[in-house]
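Visitor: Take a look at this one; I'll ask things after.
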Amino acid sequence: MTAPVSIRNATKIFGDFTALDDISLEIAAGEYIVLLGPSGCGKTTLLSLLGGFLSPSSGTIEINGKDMGDVAPAKRPTTTMFQDYALFPHMSLRDNVAFGLKMRKVGKSERHAKAEELLDMVGLKTSANKKPHELSGGQRQRVALARALAVEPDVLLLDEPLGALDLKLRRQMQDELKAIQKRVGTTFVHVTHDQEEAMAIADRIVVMNAGRIEDVGSPENIYMQPKTIFTASFMGEVNFIPGTFESATDSTISVKTPLGTVELPEFECRGFTPGASVTLAIRPEHFRASTGTGSRITLGKAKVEDGSFFGTHHRAHLSPLDYPNMTITAHMPQSAIIEPGAWVELTLDPTSVVVLHGHPPRPTPESAAL
Ligand SMILES: Nc1ncnc2c1ncn2[C@@H]1O[C@H](COP(=O)(O)OP(=O)(O)OP(=O)(O)O)[C@@H](O)[C@H]1O
């Protein structure tokens, strides 16, 4: 079972605090959506509006074309899976998974068959008679997922579902969650503050900040072409170089920076006007500190301050000759020899540079990698 979801101009106000501010979002049936953002940005509040545990102060929520305004949580085609799982300790895994079906008066043999089918799907076929305390954290998480899916919701709401797991298990369960979602085809809306988790799982990521949606897109899109300074910095490491927009032709734009004027391909018209403050957002892996140039642009010489080896690459901090107060974080090839004090040529692929409106909120002369 699966359904589309429409959130239209949803606002939620607690007293004089606006937790959600005019949120609109269309979710397709069968999509895996991740709501991503820092603590307090309104993710759980939005999930609670979908589940019916909170009502919007204004705006509407439709699931499968039906307005959910007056529909109680238990009557909605949604199930919520919380971080603490809330499994019943005295019940077998089979009975835990079958619980929702029992409440719906489904007969014993039918509900047990369904529970066993779902336990099989989450890799716990032979554990149906065990109790939750006999399981590891990851196994308990799988039982909670099977239990949530047993009642065949159209939309499954997951609030930090992997928050209680250690990092390794978390990464493993992300792959499993995604695979199970694709298999059952249910619409999933998953809340997390972990950008790697969002990238690993989502069909589309919704980046939230202070009660508003900052950006929506595929993981690749959000990472490579963030629309705002907030998204660029929240989605992994990035260098910000402040600049001034100078001019545009049909195929290039020109931005003046402390490291010189750079000509970049015009990838999308974002309404820049000459003289406007802009920021170049550049991922560390898009810099190359080398002597090669080719079709790359150069930002001049830079001094290696320090470097660390990360297996797949070195991560180095560099000070540009023309602007020594700035620190650039660049990834350098595995084979590079990183010596503090060495001078390198700083080059980058112009197609990887994102030009954003404004300057970062804490504009430091360094514009250090955040
Ligand atoms: N019942 C409430 N009454 C008053 N304020 C609330 C209530 N529920 C949430 N808030 C506030 O609304 C804001 C958003 O809360 P919400 O729980 O949605 O954030 P979140 O993004 O899920 O954060 P976290 O990742 O920490 O769970 C917070 O500032 C929170 O304090």
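The values are calculated or read from the model by the stated rules, or taken from the named source; none is laboratory data. Quick caveat, the model's predicted, so the values are computed rather than measured. So basically every Cβ, Gly included, is an ideal-geometry build from the backbone, and we count neighbours across all protein chains shown.
Visitor: So which residues in region 92-101 are outside any loop (DSSP other than H, G, I, E, B) and either modelled with pLDDT of 90 or more or among the hydrophobic types (A, V, I, L, M, F, W, C) (or both)?
Guide: 93, 94, 95, 96, 97, 98, 99, 101
Visitor: What residue, of 69, 59, is part of a loop (DSSP other than H, G, I, E, B) and either touching a strand residue (DSSP E or B) at 6+ places or on another chain (Cβ under 7 Å) or surrounded by 19 or more Cβ atoms within 10 Å (Cβ to Cβ) (or both)?
Guide: Result: 69 is the single residue among 69, 59 that is part of a loop (DSSP other than H, G, I, E, B) and either touching a strand residue (DSSP E or B) at 6+ places or on another chain (Cβ under 7 Å) or surrounded by 19 or more Cβ atoms within 10 Å (Cβ to Cβ) (or both).
Visitor: Is there any pair linking a residue in region 160-175 that is closer than 14 Å to residue 136 by Cα to one that is assigned to a helix (DSSP H, G or I) and acidic (Asp, Glu), with Cβ under 8 Å and at least six apart or on different chains, and which?
Guide: 162/197; 170/197
Visitor: Is it true that some residue in region 160-169 is within 16 Å of the ligand (Cβ to nearest atom), touching a His at 6+ places or on another chain (Cβ under 7 Å) and closer than 22 Å to residue 43 by Cβ?
Guide: yes
Visitor: Checking the conditions here, which among 282, 297 is at pLDDT 90 or above and assigned by TED's automatic domain parsing to the domain that holds residue 330? It would help to see each step written out before you state the result.
Guide: Numbers: 297 fails: at pLDDT 90 or above.
The match here is 282.
Visitor: Output the helices (runs of 4 or more DSSP H) that fall wholly within region 180-297 and possess 1 or more residues being of a type in the set (A, V, I, L, M, F, W, C) and closer than 24 Å to residue 328 by Cα, or say none.
Guide: So the answer is 219-224, 229-234.
Visitor: Name every residue in region 1-23 that is closer than 12 Å to residue 213 by Cβ and without any contact (Cβ under 8 Å) to a residue 60 or more places away in the chain, in order of residue number.
Guide: Our first condition is that a residue be closer than 12 Å to residue 213 by Cβ; within region 1-23, this holds for 7, 9-10, 20-23.
Once the filter is applied, which keeps residues that are closer than 12 Å to residue 213 by Cβ and without any contact (Cβ under 8 Å) to a residue 60 or more places away in the chain, region 1-23 yields 7, 9, 10.
Visitor: Further, regarding this structure: Please go through (1) within 30 Å of residue 64 (Cβ to Cβ); (2) touching a residue at least 40 places away in the same chain (Cβ under 8 Å) for residue 229 and return the number of the only condition it doesn't satisfy.
Guide: (1)
Visitor: Somewhere in region 34-45, is a residue assigned by TED's automatic domain parsing to the domain that holds residue 178, closer than 15 Å to residue 207 by Cβ, away from the ligand (no atom under 15 Å from the Cβ) and not in a loop (DSSP other than H, G, I, E, B)? Explain how you work it out, then say what you get.
Guide: First, pick out the residues of region 34-45 that are assigned by TED's automatic domain parsing to the domain that holds residue 178: 34-45.
Okay, now just the ones that are also closer than 15 Å to residue 207 by Cβ, so 34-43.
From what is left, the residues that are away from the ligand (no atom under 15 Å from the Cβ) are none.
No: region 34-45 contains no residue that is assigned by TED's automatic domain parsing to the domain that holds residue 178, closer than 15 Å to residue 207 by Cβ, away from the ligand (no atom under 15 Å from the Cβ) and not in a loop (DSSP other than H, G, I, E, B).
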